[in-house]
Amino acid sequence: MPPADLNAYLFIAGVLFVCGVVCMATKRNAVGVLMGVELVLNGANLNFVAFARFTPLGLDGQVISLFVIVLAAAEAAIALAIALNFYNNHLTIDIDRADELKQ
Amino acid sequence: MNFAELIERLTENTQNSLPLFSPELCLVVTIVALLFVRLLGIDRHLPGSIVAIIGTVAGLALAALQWRDFHADDTVTSVPLFTGLLVYDPFTVFFRVFLLLFLLFVEYLTMISGIPDQEDAPDFYVLLLGSTLGMSLMVSANHLLMVFLAVEMTSVPSYAMVGFLKGRRLSSEASLKYVVYGAGAAGVMLYGISLLAGLLGTAHLPAMGAALVEFGRQHSSFGDPAVRTLAFGILMVLVGVAFKLSAFPFHFWCPDAFEGAPAEVGGFLSVASKGAAFALLVRFCLALVGKTAGDSPLSHLYLNVGVGLGVMAAVTTTFGNLAAYTQKNIKRLMAYSTIAHAGYMLMAVAAMMVILNAPAGDGTLVTARTASAVSCIQGLLYYLVVYFFMNLSVFAIVALVRNQTYSEEIADYAGLVKQSPLLAVCLLVSMFSLVGMPPMGGFVGKFMVFYGVLEAAQLHPVMWVVFVVGLLNTAFSLFYYLRVLRNVFISPLPEGARPVDVPLASDGGRYILFLTLPVLVLGIFVDPISGVARDVATWLFRG
């Protein structure tokens, strides 16, 4: 079997990105939405690593993806804390129930 | 190059960069100090707000010294910091001073208004300073990695700040909405960055400009898939920036977050976060164009970006102004006003892109083009400086009134002039400035921005539409500000209204007066600040 080329990686990354966006748009559970965000970030990460291997981007791509992994963890921590805070006040993490702020 | 040489170069680079990075380091030290203050229980004797203010003043002093250095020696253009991840130039220093000064004002406001309480103060200031640190990196970002990191570093503490009042239903809902939209926009932005970095083979902004010229020679027509991918990448990065700006289709978080958050946080987000996002947008746009007017093979693509930004600006302004009409909560009204103002300022960036990239066939000289682009950025900077004072003044008045009446409904502002003439007059000045009436500063800012748009309109017909929509919006916006002012000045004081007592001799009164006076001064004495803005803008294009 021949080694995978750049397009194969980009295709998988694109699929991850679209899955993530769909997940963000359709999930009603806040944690589900955050999972969608993780998928999008990992799609981008896969892009970076693939570009690091196949284009002149080189090591930069791998370094960026490492930073993004750390950042995704930090963001998830804050987002989960906020979701927990929301749960404490509303007894649900259903995004559709967050509808008290309206004009 | 062997390992020892590499280490030596890195050490040398870091040693050269650290002094120029000192205002940010000052913020970092303050953040660590605040954490220790909390840990060791010193905050019972030394309030967190004092520690934060000392750190901010020190950072501001260092930034001001750097500013003086630039004035002493104007041959300096730009210095890359940390192997080119950040860039140090007058634009960076201008925004550092802007952000740190604003941070100082917000910290003082939180001290007067008592949000946060003694217990939570160190945590709150850690978030506030961390967010400002992110903004400071945003304005000096010179690498796509730093662009993303800085945007996230700004956003993540702001999510927590919006939800800082833990027990409140609305506050927790606001922060949940903010974090969900924010995380989504950041994800999309990162994907766009990955596409740009992969296509061009570099993530370093100046190198990207050069790579784009090369790229444009090989693929120039829009039908080429590579060019489409490039356009997609640019679009996705702009989505991330537009979210920070709360520009039209990405503004949903803004009214909810502002209504749920304390007024102090709303004021901070509306000015500082917007200023930093505009600096980032200008840097990104200039990295694409490569600082030269009209000679890039991809000019048609950039021209479309500029026109797209112009249309987005026009829609954003119109939407913000129309939606503000029906609001009953003053913070929500100010959120829509913030959206509208983001639109006005976005017009300046759009005009710059159009001027730099319109086809050069009509014989206008490149130097004339650059001069017009400089005047656009000059207008943007002036607008931001005025916006600093007028918007923070309104939010500060909202915070002070809330502390006494426990209400943020516009109806409860009825008859405010009889209770506190000072607040009422300051609100009048700031709101007339937000409308753009002479002789307030807002008029000068709007005038400069619209002048830039008018120049762009000579080069592209769509900018005429943007120009007319902008002018019409200025007239529209008068009415909803007037509705608040009518309540304050004409409506009778209702029976049993809670007293609002903010005399001139109190901290709050002096603070509001101190914030409102510059709004008038900036409208009458235009030259000092507009001269600085012009210098900064000229330096930006010279580099």
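Filtering the range B:202-214 for residues that are among the acidic types (Asp, Glu) and in a helix (DSSP H, G or I) leaves a non-empty set.
In the condition set (1) within 9 Å of chain B (Cβ to nearest Cβ); (2) under 30 Å from B:ALA323 (Cβ atoms); (3) without any contact (Cβ under 8 Å) to a residue 40 or more places away in the chain; (4) out of contact with any Phe, Trp or Tyr (no Cβ under 6 Å at 6 or more places or on another chain), A:VAL22 is compliant with all but (1).
Exactly one residue out of B:ALA33, B:ALA58 is crowded, with 17+ Cβ neighbours inside 10 Å, among the small types (Gly, Ala, Ser) and over 30 Å from B:PHE278 (Cβ atoms), and it is B:ALA33. I'd like the full set of residues that are out of contact with any Leu (no Cβ under 9 Å at 6 or more places or on another chain), more than 8 Å from chain B (Cβ to nearest Cβ) and under 30 Å from A:THR92 (Cα atoms), limited to the range A:28-71. A:ARG28, A:ASN29, A:GLY32, A:MET35, A:GLU38, A:VAL70 - these are the residues of the range A:28-71 that are out of contact with any Leu (no Cβ under 9 Å at 6 or more places or on another chain), more than 8 Å from chain B (Cβ to nearest Cβ) and under 30 Å from A:THR92 (Cα atoms).
The set of residues from the range B:1-32 being over 27 Å from the mean Cα position of the chain (by Cα) and aliphatic (A, V, I, L, M) comprises B:MET1, B:ALA4, B:LEU6, B:ILE7, B:LEU10. The number of residues in the range B:164-186 being more than 7 Å from chain A (Cβ to nearest Cβ), of a type in the set (Gly, Ala, Ser) and surrounded by 24 or more Cβ atoms within 10 Å (Cβ to Cβ) comes to 3. When the range B:133-153 is filtered for residues that are assigned to a helix (DSSP H, G or I) and away from chain A (no Cβ under 12 Å), the ones remaining, listed by number, are B:LEU133, B:MET135, B:SER136, B:LEU137, B:MET138, B:VAL139, B:SER140.
Within the range B:374-432, the only residue that satisfies the criterion of being touching a Gly at 6+ places or on another chain (Cβ under 9 Å) and assigned to a loop (DSSP other than H, G, I, E, B) is B:SER420. Out of the residues in the range B:496-511 meeting the condition of being of a type outside the set (Gly, Ala, Ser) and within 19 Å of B:TYR406 (Cβ to Cβ), tell me which one is surrounded by the most Cβ atoms within 10 Å (Cβ to Cβ). Ranking the candidates gives B:VAL502 first.
Using the structure shown, decide if A:VAL15 is loosely packed, with under 14 Cβ neighbours inside 10 Å and within 25 Å of B:ALA226 (Cα to Cα). Taking the combined requirement at face value, the residue satisfies it. Might you check whether a residue that is modelled with pLDDT under 95, among the hydroxyl-bearing types (Ser, Thr, Tyr), out of contact with any His (no Cβ under 7 Å at 6 or more places or on another chain) and closer than 18 Å to B:VAL385 by Cα occurs anywhere in the range B:44-59? No, because not a single residue in the range B:44-59 is modelled with pLDDT under 95, among the hydroxyl-bearing types (Ser, Thr, Tyr), out of contact with any His (no Cβ under 7 Å at 6 or more places or on another chain) and closer than 18 Å to B:VAL385 by Cα.
Of the residues making up the range B:97-124, those that are over 25 Å from B:LEU62 (Cα atoms) and charged (D, E, K, R) are B:ASP117, B:GLU119, B:ASP120. I'd like to check something: does the range B:379-397 contain any residue that is touching a residue at least 60 places away in the same chain (Cβ under 8 Å), more than 28 Å from the chain's Cα centre (by Cα) and surrounded by fewer than 24 Cβ atoms within 10 Å (Cβ to Cβ)? Within the range B:379-397 (the criterion being touching a residue at least 60 places away in the same chain (Cβ under 8 Å), more than 28 Å from the chain's Cα centre (by Cα) and surrounded by fewer than 24 Cβ atoms within 10 Å (Cβ to Cβ)), the answer is no, since none of the residues qualifies. If you go through the range B:109-126 and pick out every residue that is modelled with pLDDT under 85 and either within 15 Å of B:GLN404 (Cα to Cα) or more than 24 Å from the chain's Cα centre (by Cα) (or both), you end up with 6. Counting the residues of the range B:297-322 that are within 14 Å of chain A (Cβ to nearest Cβ) and surrounded by fewer than 23 Cβ atoms within 10 Å (Cβ to Cβ) gives 2.
Looking only at residues in the range B:323-339 that are among the aliphatic types (A, V, I, L, M) and surrounded by 24 or more Cβ atoms within 10 Å (Cβ to Cβ), the one that is nearest to B:LEU245 (Cα to Cα) is B:ILE339. So for the range B:303-314 (the condition being more than 14 Å from the chain's Cα centre (by Cα), within 30 Å of B:LEU416 (Cα to Cα) and assigned to a helix (DSSP H, G or I)), does at least one residue qualify? No; the residues of the range B:303-314 include none that is more than 14 Å from the chain's Cα centre (by Cα), within 30 Å of B:LEU416 (Cα to Cα) and assigned to a helix (DSSP H, G or I).
When B:PHE447 is tested against (1) modelled with pLDDT of 90 or more; (2) touching a helix residue (DSSP H, G or I) at 6+ places or on another chain (Cβ under 7 Å), exactly one condition is not met: (2). Looking across the range A:72-103, just one residue is within 8 Å of chain B (Cβ to nearest Cβ) and over 21 Å from B:MET161 (Cα atoms), and that is A:GLN103.
Confirm whether B:SER140 is free of Cβ contacts under 8 Å to residues at least 60 places away in the same chain and farther than 30 Å from B:ILE42 by Cα. Yes, satisfied. With respect to the conditions (1) within 14 Å of chain A (Cβ to nearest Cβ); (2) surrounded by fewer than 24 Cβ atoms within 10 Å (Cβ to Cβ); (3) among the charged types (D, E, K, R); (4) under 28 Å from B:ALA160 (Cα atoms), B:ARG283 falls short on a single one, namely (1).
The values are calculated or read from the model by the stated rules, or taken from the named source; none is laboratory data. Just so you know, these numbers come straight off a predicted model, no measurement behind them. Positions of Cβ are generated from backbone atoms using ideal geometry, with glycine treated the same way; all protein chains shown enter the neighbour counts.
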